[in-house]
Amino acid sequence: MKTLVTGGAGRLGASVVTGLVGHGHEVISLDRVELPGLPAAEQIVVDLTDAAATDAVVARVRPEAVVHLAAIATPFSAPEAVIWDTNTSIAFHVLQSAVTHGATRVLASSSPTPLGYGAPLGWRPVYLPIDEDHPLRPWNSPVPQAANTAPGRWSNRDVMCSVSRPVSTAPAESNGVTGKNSTPSSCRMGG
Ligand SMILES: NC(=O)c1ccc[n+]([C@@H]2O[C@H](COP(=O)([O-])OP(=O)(O)OC[C@H]3O[C@@H](n4cnc5c(N)ncnc54)[C@H](O)[C@@H]3O)[C@@H](O)[C@H]2O)c1
């Protein structure tokens, strides 16, 4: 399947690109930087905050599927308003263009932080295993917020839009197995 991975040069993105290629998919990475050695069929450098540039690239590629991972991913790495504006606009541009140009499967990355995970003053889940009915304690909403709205905004009878919540990922070279220390993502299937 022709699949666009945004943030393909990132920690999670590089592993996702490698995994998808390994399963026989044609993968195109969109990122503002190139990653030498990434096994994508093509790496396209674009600033995804630029709506017109993003749309032009997606219109050219016409992916069947999109995995949206590009974001300012680290809490407090920039002013919260900057993180909010950047991540929201990136998610909107990518997902809107993807669906407009024919993608029928969209996966956007959020985080478990809306549930309370990682809160500086500590957090315990109300119950385990955690699912999408778990109460929200969004201590750090700017990083993952935009992706949370994706299923409601873009799912329809022709488009399946989902959100994943990776908990902790590590590059393959750091532990030999991608996501070795991760717990399974929860996922809401739209459509
Ligand atoms: N890695 C984890 O443990 C983890 C945990 C929870 C959630 N997540 C989520 O997964 C996603 C990916 O996280 P990551 O750890 O791979 O982050 P990362 O910072 O390693 O990668 C993000 C990528 O997005 C790209 N990017 C950022 N702004 C861009 C822009 N304007 N235009 C184009 N590209 C841009 C960066 O260049 C980078 O390659 C994020 O949404 C993050 O919140 C990751």
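Just so you know, all these numbers are worked out from the coordinates, no wet-lab data involved. Since the model is a prediction, treat every value here as computed from it, not as a measurement. Note that each Cβ is placed from the backbone with ideal geometry, even for glycine, and that neighbours are counted across all protein chains shown.
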Any residue on another chain or 5+ positions along whose placed amide H is under 5 Å from the amide H of MET160 is listed here as ARG105, VAL106
Under 5 Å, built H, 5+ apart or other chain: amide partners of VAL5: ILE28, SER29, LEU30, VAL67
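Can you list which of the chymotrypsin sites (Phe, Trp or Tyr not before Pro) found in the stretch 55-93 are DSSP loop residues with at most 16 other C-beta atoms within 10 Å?
PHE76
How large is the dipole of the stretch 2-187 about the Cα centre if only Lys and Arg carry +1 and Asp and Glu carry -1, each at its Cβ, rounded to the nearest 20 debye? Mind showing how you got there, number by number?
Working: 12 positive and 15 negative charges, 68 e Å.
It works out to roughly 320 debye.
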Along principal axes, largest first, the alpha-carbon spread of the stretch 2-187 in whole Å comes out as 45, 37, 35
Once you have a ≥ b ≥ c as the square roots of the Cα gyration tensor eigenvalues for the stretch 47-138, tell me rounded if a/c is under 1.5, and otherwise prolate or oblate according to whether a/b is larger than b/c. oblate
Using the charge dipole of the stretch 2-187 (Lys, Arg: +1 at Cβ; Asp, Glu: -1 at Cβ; taken about the Cα centre), state which of ILE28, PRO166, LEU69 has its Cα farthest towards the positive end. PRO166
Take the alpha-carbon centre of the stretch 23-84, take the same for the stretch 101-122, and report the distance between them in whole Å. 16
Env charge @ TYR117, Cβ radius under 12 Å, K,R +1 / D,E -1, value +3
